[in-house]
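Below is one structure, written out as structure tokens; the observations come after it.
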Amino acid sequence: MDDGRLTPSSREVVMDQKLEVVVLPVADADRAKAFYSSLGWREDADFATGPDFRVLQFTPPGSEASVIFGTGVTSATPGSTEAIMLTVTDLDACLGDLRGRGVEVDGPWHDAGGVFHHGGEEQRVPGRDPQDRAYCTFASFADPDGNTWVLQEITTRLPGRVVGPTRYADADDLAAALRRAAAAHGEHEKRTGAEDPDWPDWYARYLVAEQAGTELPE
């Protein structure tokens, strides 16, 4: 009989629990809609059942999780959400895109502690991480209500941080990964002293390993 308790075998089965939506508290749904539209985010929904309830959903490029805001969807104070994380593979290119869209962005910057960023602007140091490590260079911006976003550059994942298929946000993201693979493969051919006729296989192993955070091919 199943009494609802976990057994040793059931503990080994972990169901997917994917982050789907972050709810943002905003004061003006139309103003927020205009802002997130200006970022180039995909509008997934905008429906209302009356003047007191309206739901809008937007999704950042390449993201499987979305944001929802509107009227009557949260009791939180508008602008009270801090430091929602967006990851990018090329922070400089992302900053150029956002600034080209008229968004005021602070960055790049890194944290004085060199691990994760502190709350607010405490220990924020202008410029990229001195060692140019993945996970350690950031930028930030706010929406019109004051909800804040942090961009984190991740070029290579730590081991075990990616489970599932290798994915890229768009053609530019894939092209950047291919350029990194090409540079690494050039070094590989220098070490071997010969052209590699199986370079497509080498590239494929590199791209998968880079996203998975496992050991890269040499």
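The values are calculated or read from the model by the stated rules, or taken from the named source; none is laboratory data. What you see is a predicted model; the values in this text were computed from it and never measured. Every residue, glycine as well, gets a Cβ built from its backbone with ideal geometry; the counts of neighbours run over all protein chains shown. Ligands, DNA and RNA are stripped out before the accessible areas are found, and what is left, the full protein with its side chains, is counted by its heavy atoms. Shrake-Rupley method; radii C 1.70, N 1.55, O 1.52, S 1.80 Å.
Structure summary
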{"item": "Options F69, F58: the member that is among the aromatic types (F, W, Y) and either at pLDDT below 95 or under 28 Å from T166 (Cβ atoms) (or both)", "result": "F58"}
{"item": "Single unsatisfied condition, A32 versus (1) under 26 Å from T137 (Cα atoms); (2) open to solvent by less than 30 Å² (accessible area, probe 1.4 Å)", "result": "(1)"}
{"item": "Test result for R191, out of contact with any helix residue (DSSP H, G or I) (no Cβ under 6 Å at 6 or more places or on another chain), open to solvent by 40 Å² or more (accessible area, probe 1.4 Å), among the charged types (D, E, K, R) and modelled with pLDDT of 80 or more", "result": "yes"}
{"item": "Per-region count, region 89-114, residues within 13 Å of L39 (Cβ to Cβ) and part of a strand (DSSP E or B)", "result": "0"}
{"item": "Contacts under 6 angstrom Cβ, first residue in region 26-49 being part of a helix (DSSP H, G or I), partner modelled with pLDDT of 95 or more and open to solvent by 40 Å² or more (accessible area, probe 1.4 Å), 6 or more apart", "result": "A29/R54; A29/T71; R31/P144; F35/P144; S38/R101"}
{"item": "Output for region 66-84, where each listed residue is within 20 Å of the chain's Cα centre (by Cα) and open to solvent by less than 60 Å² (accessible area, probe 1.4 Å)", "result": "S66, V67, I68, F69, T81, A83, I84"}
{"item": "Filtered residue count, region 100-112, keeping only those that are closer than 24 Å to E64 by Cα and open to solvent by 30 Å² or more (accessible area, probe 1.4 Å)", "result": "1"}
{"item": "Selection within region 113-162 - in contact (Cβ under 8 Å) with a residue 40 or more places away in the chain, open to solvent by less than 30 Å² (accessible area, probe 1.4 Å) and of a type in the set (A, V, I, L, M)", "result": "A139, V150, L151, I154"}
{"item": "Residue list for region 194-218, restricted to those being open to solvent by less than 40 Å² (accessible area, probe 1.4 Å) and closer than 17 Å to T155 by Cβ", "result": "Y206, L207, A209, E210, Q211, A212, G213, P217"}
